[in-house]
Every structure is written in C-alpha cells, then in structure tokens.
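Written below as structure tokens is the structure these notes are about.
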Amino acid sequence: MTGQASSKASQRIHLLFVCLGNICRSPTAQGVIGRQLYDAGLADHVRVDSAGTAGYHVGEAPDSRAQAAARARGVDISHLRARPVQRSDFHEFDHILAMDRANLATLNSRQPRPARARIGLLMEYAPKGYDLEIADPYAGGPEGFERILDQIEAAGNGLIQALCTRHGLRCRN
Ligand code: 4NP
C-alpha cells in the first residue's frame, strides 16, 4: 500500500513515543499508531519510534503481556527493543509524545534549547472524556494492557487527523 500526499507534505514527519521503561506503553503506541498510519496510507510520510526515560530494560523486547495484547488486535511489536531517550532525539523528531505527566516533566527537563521537537502528551489527541495520562500497566493485571490499547487507539486516530491538517497530508480514512 502506498501513501498519497499533497506537495505541502514533502518532508517526512518523525514521531517519538516515550514512557518510563519502553517495554509496555511506548512500544505499544509505536506499533498501534504505526499500523494506523499504514492503514491511512501515510506509512511513507511519517516515521514512528519509541524510547524510555529510564534505562532499566534497554535492549529488551516489549513485555510479553504487551506483546500478547497488541497481537490480539493484529499488531506485532515483538521485534521492537527498548532504548533510552537520547539528546539527539530532541533534534531529530518533530513530536515527542509522553505517556504521562511524569515522563513529560522528565522530557521537558532534558530538552536542549533550541530543539526541533514539540513535546506533549499523546492523550491530548484523544477525544474529550479520555484520561490525559496513560497509566503504567507494568505492576497490574491484563486489563491494564487492554486499557492502554483503547487509549492509544483513540489518541492515534486524533493524532493522525491533526498531522494531516497541520502538515497538509492527504489521509485515507
Ligand atoms: P512502561 O512500563 O514505562 O510503559 O514501559 C514500565 C515498565 C517497567 C517498569 C516501569 C514501567 N519498571 O519499573 O521496571
């Protein structure tokens, strides 16, 4: 499947999703929103990546519960590997989207100036009524992984609409 885009959209957009460990929420966001972009015909125009503000799990695959929950919705995240946020990310990515306020605060404190990236919360793109934070599911049960998928799917749809408007991309709905 190839993407259609207007001439305004000649530059690739780079998105980085950030949580604490980069083994539950942000790799799920990378996989799910990457799939939504593909379905919208935008895979060639938007790059997705993920990282963690802590280094506890560097080099590890996503948590097996996150992998299973994503797989049940048709998204394979097994190939992803955790990595820490690095200084160059602030210059390389257009949008760095945190899963919760604690990670948002960490990103703001580490941001070099000037920087290319706009930093915000992923859930700012979800419809009204959703929590603004995606809660860490690591220490809880399987329902937490379903909840993060529901939140990420809702925010991903809003994010793609916003990117299409802001960057002049032609989305396939
Ligand atoms: P994540 O979840 O930030 O969504 O990847 C966590 C994974 C591991 C830990 C905390 C949160 N941990 O403390 O090891």
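The values are calculated or read from the model by the stated rules, or taken from the named source; none is laboratory data. In this text, all values refer to a predicted model and were calculated from it rather than measured experimentally. Quick reminder, even Gly has a Cβ in these numbers, built from the backbone with ideal geometry, and neighbours come from all protein chains shown. Calculation scope for accessible area: heavy atoms of the full protein, side chains included, ligands and nucleic acids excluded. Shrake-Rupley method; radii C 1.70, N 1.55, O 1.52, S 1.80 Å.
A few comments on the model shown:
- Theoretical gain in end-to-end length, residue 72 to residue 101 [0.36 nm per residue, Cα-Cα removed]: 7.6 nm
- Take every DSSP beta bridge whose two residues both sit in the chain; close to 5 percent of them are antiparallel.
- Isolated cysteines of the chain, defined as having no other cysteine beta carbon under 4.7 Å away, are 19, 24.
- Taken per residue, the accessible surface of the chain reaches 48 Å², heavy atoms only and a 1.4 Å probe.
- Modelled this way, with points 7 Å down the Cα-to-C-beta line, the labels at residue 170 and residue 139 are 5.1 nm from one another.
- Rounded to the nearest 0.05, the FRET efficiency derived from the C-beta distance between residue 131 and residue 91 at R0 = 30 Å is 0.45.
- In the elastic network of the chain, a GNM with C-alpha springs shorter than 10 Å, the most mobile of 129, 59, 31 is 129.
- Put the Cα centre of the range 152-168 next to the Cα centre of the range 99-151 and the gap is 15 Å.
- Only alpha carbons enter this Debye calculation for the chain, each as an equal point scatterer, and the log10 of I(q)/I(0) it gives at q = 0.12, 0.14, 0.15, 0.16 Å⁻¹ is -0.50, -0.68, -0.79, -0.91.
- Share of carbon and sulfur in the accessible heavy-atom surface of the range 18-157 [1.4 Å probe, %]: 50 percent
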